[in-house]
Amino acid sequence: MKPTTMLQEMEGPARKLATPSAPHLRVISVTSGKGGVGKSNVVANLGLALAHQGLKVLLIDADLGLANLDIILGLNPKFTIHDVLQLRKTLPEVLVEGPGGMKILPASSGIPELSELDEYQKMFLLNELDNYSESVDMVLIDTGAGISRNVLFFNIAAQERLVVANNEPTSITDAYALIKVLATQHNERRFKLLVNGLSQPREAEAVYRTLLKVSERFLGRDISLEYLGFIPHDESIPKSVLKQQPVLTLYPKSRASRSFVQIAQQLWDTPAPEEVDGNIKFFWRRLLQYQI
Ligand SMILES: Nc1ncnc2c1ncn2[C@@H]1O[C@H](COP(=O)(O)OP(=O)(O)OP(=O)(O)O)[C@@H](O)[C@H]1O
Ligand SMILES: [Mg+2]
């Protein structure tokens, strides 16, 4: 389906893109080197655009010590991932329902020990998610910024990595640093880029070209950086953040919302990589099933 069709459909009744039992599970981390480039808004709104199309969406707030996603979505979770790790609650008990029927796994705020999960906690979390029996079509992980161990872990555990950047030199440099660590230390070779907060397509494409050039030059030509597009600078986004609702809910016709819908469609239309590589993955059992 073409993006324009999806835009039209957005205004009409929601349509199903995929049946829940279809082998469509995608696990995508949304990540950045530099903080504040728009990851949480991207996760909330891309997730919602996909949920509007009938997909079962799970959002994971993986900025574990500094939860943001619940605030952006105006949720008030009673329990968080911390309760799961402390064995006080099971994972399904902690999930909250958000706009469009999305499920959200909330993080905690101000719990420093969560800022670096130990090996046991990582394995436990992967298993809990794997056992989460409800069918999920799309998992989006808001990783938090930087190259901390948690950020790297969630990026490695995801099936695909979506890097968010703007045109500030610091954002581009830090995006490269993140790609470099994931490529050289964890053998991740495939990345997608979403540029956020610019006005013109050519400005966004320039960010892509710069990042592609430097990645290919220093990390080799087998690095794949796919340009997913850009979300324009749009004051509807900070306005929506203040009202703790996704821009797609509050201002569905805004430039930003239209871009989120298009990007969501493009993301879904681009098939996930076929191979399950050697790294540990969320929902690995389901992912493996699809390879057979
Ligand atoms: N396209 C945009 N146009 C205008 N403002 C934007 C846009 N995208 C994000 N913002 C604003 O930028 C700020 C940061 O956004 P957000 O919290 O999504 O970033 P983040 O990458 O998740 O940050 P952190 O690294 O701290 O988690 C917010 O105030 C938001 O309103
Ligand atoms: Mg954030």
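Tell me whether the range 109-123 contains one or more residues that are surrounded by fewer than 16 Cβ atoms within 10 Å (Cβ to Cβ), modelled with pLDDT under 95, polar (S, T, N, Q) and more than 15 Å from ligand 1 (Cβ to nearest atom). No, every residue in the range 109-123 fails to be surrounded by fewer than 16 Cβ atoms within 10 Å (Cβ to Cβ), modelled with pLDDT under 95, polar (S, T, N, Q) and more than 15 Å from ligand 1 (Cβ to nearest atom).
Give me a count of the residues in the range 255-271 that are assigned to a loop (DSSP other than H, G, I, E, B) and either within 10 Å of ligand 1 (Cβ to nearest atom) or without any contact (Cβ under 8 Å) to a residue 12 or more places away in the chain (or both). Summing the residues that are assigned to a loop (DSSP other than H, G, I, E, B) and either within 10 Å of ligand 1 (Cβ to nearest atom) or without any contact (Cβ under 8 Å) to a residue 12 or more places away in the chain (or both) in the range 255-271 gives 1. Kindly indicate whether VAL207 is under 17 Å from the mean Cα position of the chain (by Cα) and of a type in the set (Val, Ile, Thr). The answer is no for VAL207. Across the range 164-176, which residue is nearest to GLU203 (Cα to Cα) among those that are away from ligand 1 (no atom under 11 Å from the Cβ) and not aromatic (Phe, Trp, Tyr)? Restricting to residues being away from ligand 1 (no atom under 11 Å from the Cβ) and not aromatic (Phe, Trp, Tyr), the top hit is ASN167.
Results for (1) assigned to a helix (DSSP H, G or I); (2) within 11 Å of ligand 1 (Cβ to nearest atom); (3) closer than 29 Å to GLY74 by Cα, shown as yes or no for each residue.
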site: GLY144; (1), (2), (3): no, yes, yes
site: GLU188; (1), (2), (3): no, no, no
site: VAL214; (1), (2), (3): yes, no, no
site: ILE231; (1), (2), (3): no, yes, yes
site: PRO238; (1), (2), (3): yes, yes, yes
site: GLN244; (1), (2), (3): no, no, yes
site: LEU248; (1), (2), (3): yes, no, yes
site: PRO252; (1), (2), (3): no, no, yes
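Return a yes/no flag: does the range 38-45 have any residue that is more than 16 Å from ligand 1 (Cβ to nearest atom) and not hydroxyl-bearing (Ser, Thr, Tyr). Scanning the range 38-45, I find no residue that is more than 16 Å from ligand 1 (Cβ to nearest atom) and not hydroxyl-bearing (Ser, Thr, Tyr), so the answer is no. For the range 155-178, the count of residues that are in a loop (DSSP other than H, G, I, E, B), hydrophobic (A, V, I, L, M, F, W, C), under 19 Å from the mean Cα position of the chain (by Cα) and buried (at least 19 other Cβ atoms within 10 Å of the Cβ) is nonzero.
The values are calculated or read from the model by the stated rules, or taken from the named source; none is laboratory data. What you see is a predicted model, and the numbers here were worked out from it, not measured in a lab. Every residue, glycine among them, receives a Cβ derived from its backbone with ideal geometry; neighbour counts consider all protein chains shown.
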